[in-house]
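Each reported figure results from applying straightforward, stated rules to the coordinates on display, with no laboratory input. Just so it is clear, the model here is predicted, and its values are computed rather than measured. Reconstructed Cβ throughout: ideal geometry from the backbone, glycine too, with neighbour counts over all protein chains shown.
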Amino acid sequence: MSEIIKILSWNVEHFKSEKKAKQVAEIIRSYNPDIFGLYEVEHARVYRFMLEYFPKHAVFITEGQQTQEILVACSNRFEGIKFNQKKEFNSGNLSLRPGAFLTFRYPGYEMYAFLFLHTDSGTTAVDFGNRTEMFDHTFNLKRQLDKIGGKATNFFALGDFNTMGLKYPKQSKTYQIAKTTTELDYINFESKRKGDGKYNDAIPDLRLLTKPEGTHFSKSIGISDLDHILCSSHLKFKIQKNFATSIKSEIRLDGWRRYAGDQENLEMFAEEVSDHCLLYCELKVS
């Protein structure tokens, strides 16, 4: 029988108040995750609150000139827990978030590597280029880990990828947004393309976990698909049920999704807690 690692990822928009922290923490605790990452943490007191609220977890947070941090927590039952920042992911812009990189060993099994990302959220050509650079850094990190270990790494990249798409080159000075799939197709293609020789033509061999489409809600724009979990292709997951759909997938979406069909409460949750979905999955360790 396989062991399970419970994984949770959530952009908890402008996360800076203790009042909101308790509500968020209760939702997270209902899933009893082994690992979770939170994005847009904007005050040190949120870190202190989460540290006290999850005493059986090691809790880490990024630091730097950026106003929004990434908070990561990992169960203390794991071995060799290490955390560090990958500053190359801010693409030379000190106001952007670094990558939050966590590694550990599941007792009796292998090492696992998690890269928590909150990419550039802009809609200009420069912002689109920054996101592409961040995705390329992700693929190269996976190649490096595979080369060091001599085999396919148990690797995750997860978070708010901001895959909103961009029509590029633009035909005018106005923002012309294309379908989300333009950036998702890039991720799917590049994650399986051979390297350029720098890493012995290694293939990152990553895939996006399946989920219902639509992780972000906006009154003005509607529903878009910004948040994802990308992982090594050989990893296996338990299938999850989702709100308001009979479709089962590897990821369960929570948050405003639980209010599908109840527009008033959906908008209230999106405004007061987060307009991004919580992403949850269960990895089979065998």
Original post:
Stretch SER233-LYS82 to full length: gain in nm at 0.36 nm per residue minus the Cα-Cα span?
Top reply: 52.0 nm
**OP:** Report the extension gain between LEU94 and THR67 in nm, rounded to one decimal, defined as 0.36 nm multiplied by the number of residues separating them, less their alpha carbon distance.
**Re:** 8.7 nm
Subject >> About the Cα centre, charge dipole magnitude for the chain (Lys/Arg +1, Asp/Glu -1 at Cβ), debye >> reply: 640
**OP:** Mind listing the long-range amide H neighbours of HIS228? Cut-off is under 5 Å, sequence gap 5 or more, other chains count too, H placed in the peptide plane at 1.01 Å from N.
**Re:** GLY159, PHE161
Subject >> For segment 94-101, 3J(HN,Hα) per residue [Karplus equation, 6.51 cos²θ - 1.76 cosθ + 1.60, θ = phi - 60°, Hz, x = Gly/Pro] >> reply: 5, 7, 8, 6, x, x, 9, 10
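As a test of the formula, what do you get for the chain when each DSSP H run with n ≥ 4 contributes -39,500 (n - 2.57) and the sum is divided by the residue count, at 222 nm and rounded to the nearest 500 deg cm²/dmol?
Here the helix-only value at 222 nm equals -8000 deg cm²/dmol.
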**OP:** Would you grab the residues whose amide H sits under 5 Å from the one on ILE4? Only those 5+ places off in sequence or on another chain, please, with H modelled 1.01 Å from N.
**Re:** VAL285
**OP:** Provide the gained length on full extension for the span HIS14 to ALA44, in nm with one decimal, where the gain is 0.36 nm per separating residue minus the Cα-Cα distance.
**Re:** 9.5 nm
Original post:
Residue by residue, what Karplus-based ³J(HN,Hα) values in Hz, rounded to whole numbers, does segment 77-84 have, using 6.51, -1.76 and 1.60 with θ = phi - 60° and x for Gly and Pro?
Top reply: 6, 7, 10, x, 5, 10, 9, 8
Original post:
In whole Hz, what ³J(HN,Hα) sequence does segment 66-72 give by Karplus (6.51, -1.76, 1.60; θ = phi - 60°), x for Gly and Pro?
Top reply: 5, 8, 10, 9, 10, 9, 10
Subject >> Projected label distance in nm at THR245 and ILE223, using a 7 Å step from Cα toward the beta-carbon >> reply: 0.7
**OP:** For GLU213 paired with LEU51, estimate the spin-label separation in nm (one decimal), with each label point 7 Å from Cα along the Cα-to-Cβ line.
**Re:** 4.3
